[in-house]
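To start, the structure itself, in structure tokens.
Read the figures in this text as sums done on the coordinates, not as results from a lab. What you see is a predicted model; the values in this text were computed from it and never measured.
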Amino acid sequence: MDRAHIINELASRFGISFAEAADAFEEAGGDEFAAAELIGRYHARYGAGTGYSTDRRFYMTEQDRSNDGDSFRDFARSLFDQIGNFMRSLFTVSVVVVDKSGRKVTGFPLILAVIGCIFAAPVFIIIAIILLSSGKEILTEGIE
């Protein structure tokens with residue numbers, strides 16, 4: 001493809017002007033895919049409807065740096081809130097034990113049941129090793 005056709009394709013694909021597509025194409029060194037990546041990164045940073053400008057580039061200005069700290073704090077706060085909500089949800093899902101008559105016997109958080117299952121096997125193995133190494137004889141009546 002010739003240069004004009006590639007620039008026209010970039011302009012129509014990303015909804016930017018021919019001049020903006022030409023700027024991105026030149027900045028990418030004449031590589032169509034690199035130009036598409038530059039425009040995509042630009043749109044991800046500044047919004048999809050913003051076109052493309054070589055004035056903004058991808059280096060961080062002083063204003064970007066100060067805003068970046070705020071956005072990181074917001075991101076970290078949001079992440080910790082999501083983790084907290086997830087942990088709370090683990091304790092709200094309950095395992096309910098019901099007897100034959102349909103009466104609720106007990107209920108406990110699902111996470112405790114999962115942790116109990118995870119730790120039960122190693123504890124059993126440790127107890128078996130201690131008993132076997134202590135010289136005690138394990139009785140196996142009825143097993144031939």
Could you work out the mean projected area of the convex hull around the alpha carbons of the stretch 3-50, in square nanometres to one decimal? 2.7
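May I ask you to compute the full-extension gain from Ala121 to Ala44, defined as 0.36 nm times their residue separation minus their alpha-carbon distance, rounded to one decimal in nm?
On the way: separation 77, 0.36 × 77 = 27.72 nm, distance 4.89 nm.
Length difference between fully extended and current span is 22.8 nm.
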